[in-house]
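A.B. asks: Before I ask anything, let me first share the structure, which is written out below as structure tokens.
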Amino acid sequence: MSGQPGAGTRRRVKVVILVLAGLLVIAAGAAAVYTLSLARSFDEGRTVVEEAFPDEEIRPAPPAPESKAHRAQNILLLGSDTRGAIGDDIDAITGARADAIMVVHLPAERDTVHVMSIMRDNWVPIHGYGHNKINAALAFGGVPLMVATVENFIDARIDHVAVVDFDGFQGLTDALEGVTVVNDRAFSARGHSFAEGAQRLGGEEALVYVRERMAFPDGDYQRARNQQAYIKGVISAVLSRDTLTSPGKVSEVVEAISPFLTVDEGLNSSYVGGLGFEMRGLRAGDVRFFTSPTLGTGWEGTQSVVRPDWDRIEELRAHFRNDSLADYVP
């Protein structure tokens, strides 16, 4: 890859509720309650990253117009555990590191959703900076460099991007009147205990649940699993009959999270409303989660890193390029 991603002039950044940028409004479309007032709430509440993408010459080639992959979409979701430190200017995110990195793949058929977590310590090439942990791209060059790094990792284009501060999970969870997660490892952290099995989380508990990593021998590996479990719970709550049949509840959740929304310019009510209509039959069981393949941990100098499994990643890249992720076996 060559050329430096342009920074450009960027508007202020707040936070975005992870995954809900698309999936919440899919639920609204499925419920046929995506009204003009709801669309207005979405558009007026969000904050726009005016230049979220890198320079064209360092991006993968777009899919051929006649290919199936041309209609597929990849949405990059970034989580940052800043505890409110990002502030009002998107330039302030440069210097922060992404604590959660996910790529949401929407296939051309719109019948499933594939959510891939990328471990934040993956040791990868970052354009202009040699090799480093993948989450360092956000610190080095903000959102455009982060997009460029992930595009290089999956060898496919990112179509939309959103950023989240984990503090936003508390308001989201409370707006949904709690989220049920299936916890695969019992642990205690920050005054809360989480037993193995199904757990109903309130807002404060959810915030602890998605943040914690020190309680686990495998650290970020388990944190990634917990973040996936939480998102599964959110999706189940959003796509439940109780939500889908309640226009008031959908509106309440959209209004609760839209002030925290920071997205690229194209991720607006028109886009997500159309997406919601296309995916109106989606249910929680149609959403698949996995983590990009790794070979475990190691060291680069004094840094503890995650080693990508480049042979498996090459296979994964082919599935992204061909819109065949349904055939990929993690």
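The values are calculated or read from the model by the stated rules, or taken from the named source; none is laboratory data. Bear in mind that the values here come from a model prediction, so they are computed numbers and not experimental data. Because the Cβ atoms are built from the backbone with ideal geometry, glycine has one as well, and the counts that use them run over all protein chains shown.
Let's see how each residue does on (1) in contact with a helix residue (DSSP H, G or I) (Cβ under 8 Å, 6 or more places away or on another chain); (2) free of Cβ contacts under 8 Å to residues at least 60 places away in the same chain; (3) within 16 Å of Ser117 (Cβ to Cβ):
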position: His192; (1), (2), (3): yes, yes, no
position: Ala195; (1), (2), (3): no, yes, no
position: Gly202; (1), (2), (3): yes, yes, no
position: Gln228; (1), (2), (3): no, no, yes
position: Ile231; (1), (2), (3): no, no, yes
position: Val234; (1), (2), (3): yes, no, yes
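A.B. asks: For residues in region 239-264 being of a type in the set (A, V, I, L, M, F, W, C) and over 20 Å from Gly79 (Cα atoms), which is modelled with the highest pLDDT?
C.D. replies: So the residue we want is Leu239.
A.B. asks: Still on this structure, please answer the following. Among the residues of region 127-155, which ones are among the small types (Gly, Ala, Ser) and in contact with a Pro (Cβ under 6 Å, 6 or more places away or on another chain)?
C.D. replies: Matches in region 127-155: Gly141, Ala148.
A.B. asks: What is the one condition in (1) in a helix (DSSP H, G or I); (2) of a type in the set (S, T, N, Q); (3) in contact with a Ser or Thr (Cβ under 9 Å, 6 or more places away or on another chain) that Thr297 does not satisfy?
C.D. replies: The one condition Thr297 does not meet is (1).
A.B. asks: Going through Leu18, Leu36, Leu78, Leu106 one at a time, which residue ends up being at pLDDT below 75 and under 20 Å from Asp264 (Cβ atoms)?
C.D. replies: After applying the criteria, what remains is Leu18.
A.B. asks: Just need a number here: residues in region 285-315 that are under 19 Å from the mean Cα position of the chain (by Cα), hydrophobic (A, V, I, L, M, F, W, C) and surrounded by fewer than 16 Cβ atoms within 10 Å (Cβ to Cβ).
C.D. replies: Within region 285-315, residues that are under 19 Å from the mean Cα position of the chain (by Cα), hydrophobic (A, V, I, L, M, F, W, C) and surrounded by fewer than 16 Cβ atoms within 10 Å (Cβ to Cβ) number 1.
A.B. asks: Would you say Gly273 is outside any loop (DSSP other than H, G, I, E, B) and modelled with pLDDT under 80?
C.D. replies: Judged against the criteria, Gly273 is a match.
A.B. asks: Which one of these is at pLDDT below 95, more than 15 Å from the chain's Cα centre (by Cα) and either assigned to a helix (DSSP H, G or I) or of a type in the set (A, V, I, L, M, F, W, C) (or both): Ile86, Ile101?
C.D. replies: Ile86 is the lone residue from the list that is at pLDDT below 95, more than 15 Å from the chain's Cα centre (by Cα) and either assigned to a helix (DSSP H, G or I) or of a type in the set (A, V, I, L, M, F, W, C) (or both).
A.B. asks: Can you spot a residue in region 207-222 that is without any contact (Cβ under 8 Å) to a residue 24 or more places away in the chain and aliphatic (A, V, I, L, M)?
C.D. replies: Checking region 207-222: at least one residue is without any contact (Cβ under 8 Å) to a residue 24 or more places away in the chain and aliphatic (A, V, I, L, M).
A.B. asks: Let me ask another. Report yes if Val163 is of a type in the set (Val, Ile, Thr), crowded, with 24+ Cβ neighbours inside 10 Å and at pLDDT 95 or above, otherwise no.
C.D. replies: Spelling it out, it is not the case that Val163 is of a type in the set (Val, Ile, Thr), crowded, with 24+ Cβ neighbours inside 10 Å and at pLDDT 95 or above.
A.B. asks: Take the residues of region 204-230 that are outside any helix (DSSP H, G or I) and within 20 Å of the chain's Cα centre (by Cα): which is farthest from Thr297 (Cα to Cα)?
C.D. replies: In this case the residue turns out to be Glu212.
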